[in-house]
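Just below is one structure, and these are the notes that go with it.
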Ligand code: LLP
């Protein structure tokens, strides 16, 4: 498979594009995505899941990176889309993403978001709270529509990742609790409702996982509840959704192949249903990070350099926590390299910091790097997931542009925010004049 990162004459190339030229052309900070890499990931998913097992779907978790162009790409690739807000849904609608292939997640869907989803006729609403079904029924009734609903369960399993991104524990805001007196009445309501089709169960145990244990434990719990639903209500669910969460490479870790998560899960599901002699339901996964994470990188321009003798050397870049909150929020680790000094030895050790008025605005601690100078271009790889999508205007820093690279060609897919854009919603009341 072709290398996405390459060095040519001391310059870093990304999907065939000279990164220093990209920085000059579009300015920095700049998010750059490799279309080749995104497509490679999708191809891997086809091999490991879609082509290998029948009645399966991949729903790209849009929260990892939402933009009109990526939604268009996901549509062209024939994948489904998992959205979690009116805004993500609106973006999907605006590019004409087929409604049937959209599923709507989220622990507190607003009434107006549900209206938008039902009006558009999304394929699945993944119910995540007890109040939600009533709202869905009311809206379906008034629009004369019937919608497929899944229930997201809280399986009560822990996962080995940062506490902020575990989502399957009993003490979690996500999912419907499996307590006898809560879960089964809720299932019964959905089964007997004329406005919804109760389609199946869903879980998502956490993100950036390297161990398949939590998926497998949650799966056992999910399957036993499906059995119980069959026994109690003589009802067969049509779909199982086992979420996303597959970890990627940021620094030294090695990404597990998709098969590592998918094969044992499919084995368990297939065995379970063949023992019962029942056709197994559809199986859906919701990867976000593992599709776009390694495909994206950020380019910065190095500015001020502060060497505190015997303590550390701070190298400031023109972005920071506003374009990548992950190091500050989850102590996430990144690698980095000077894109215009690829041939030089990495014999300097620096701490890369952002430009925000916040001591925690550190992107990379103790990075081995070639000697940095003002004006150098710093590349931080693997920022494609939860970078742009979590960007903010803190300190009124504009949100960077996004460029898509492919075999030496580059296309702008999100233009850089301007100062003017940031003031669009500001109002100075006339009485202040
Ligand atoms: N499905 C559901 C229901 C989810 O809640 C999530 C992520 C996904 C799928 C996709 O998970 P992935 O394959 O991307 O791991 N901002 C955090 C990640 C939060 C993930 C929340 N849910 C971060 O930057 O690490």
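Read the figures in this text as sums done on the coordinates, not as results from a lab. In this text, all values refer to a predicted model and were calculated from it rather than measured experimentally. With ideal geometry, Cβ positions are generated from the backbone for all residues, glycine too; neighbour counts draw on all protein chains shown.
Between 0 and 90 degrees, the angle of helix 111-120 with respect to the longest Cα principal axis of the chain falls at about 80 degrees.
Taking label points 7 Å from Cα along the Cα-to-Cβ direction, residue 145 and residue 220 give a separation of 4.0 nm. Mind telling me which of 173, 267, 47 comes out most flexible in a GNM of the chain, alpha-carbon contacts under 10 Å? Fluctuation is largest for 267.
Note down the relative contact order for the chain as a percent, whole number, built from C-alpha pairs under 8 angstrom at least six residues apart. Show your work: numbers first, answer last.
Numbers: 918 pairs, mean separation 83.8, N = 433.
Answer for the chain is 19 percent.
Using 0.36 nm times the number of residues separating residue 131 and residue 162, minus their current alpha carbon distance, what extension gain do you get?
Working: separation 31, 0.36 × 31 = 11.16 nm, distance 2.92 nm.
The residue 131-residue 162 span can extend by a further 8.2 nm.
With viscosity set to 1.306 mPa s and temperature to 10 °C, compute the Stokes-Einstein D of the chain, Rh being the Kirkwood radius across alpha carbon pairs; µm²/s, no decimals. My calculation gives 69 µm²/s for D. With R₀ fixed at 41 Å, the C-beta to C-beta distance from residue 90 to residue 252 puts the FRET efficiency at about 0.55. With a Förster radius of 22 Å applied to the C-beta separation of residue 270 and residue 228, the computed FRET efficiency comes to 0.65. Between the Cα long axis of helix 35-45 and the first principal axis of the chain there is an angle of about 30°, rounded to the nearest 10.
Any chance you could run the full-extension gain for residue 394 through residue 235? It's 0.36 nm times the residue separation minus the Cα-Cα distance, nm to one decimal. Walk me through the intermediate numbers first.
Numbers: separation 159, 0.36 × 159 = 57.24 nm, distance 5.05 nm.
Full extension from residue 394 to residue 235 adds 52.2 nm.
Between the beta carbons of residue 415 and residue 52, assuming R0 = 51 Å, the FRET efficiency works out to 0.80 to the nearest 0.05.
Sort 176-189, 375-388, 142-155, 318-331 by packing, meaning the average of other beta carbons within 10 Å per residue, with the highest value first. Each step should come with its number before you reach the end.
Values: 176-189: 14.9, 375-388: 24.1, 142-155: 19.2, 318-331: 21.2.
Listed from highest to lowest mean packing, they are 375-388, 318-331, 142-155, 176-189.
Working note: Cα gyration tensor of the range 1-114, eigenvalues times five, square-rooted, sorted largest first, giving semi-axes of 31, 20, 10 Å. Mind pulling the angle between the C-alpha long axis of helix 213-233 and the longest principal axis of the chain? Nearest 10 degrees, somewhere in 0 to 90. Taking the Cα atoms of the chain, the angle to 213-233 is about 20 degrees.
Taking every DSSP beta bridge that has both residues in the chain, what percent is antiparallel when rounded to the nearest 5? Let's see the in-between values first.
Details: 33 of 69 bridges.
Of those bridges, close to 50 percent are antiparallel.
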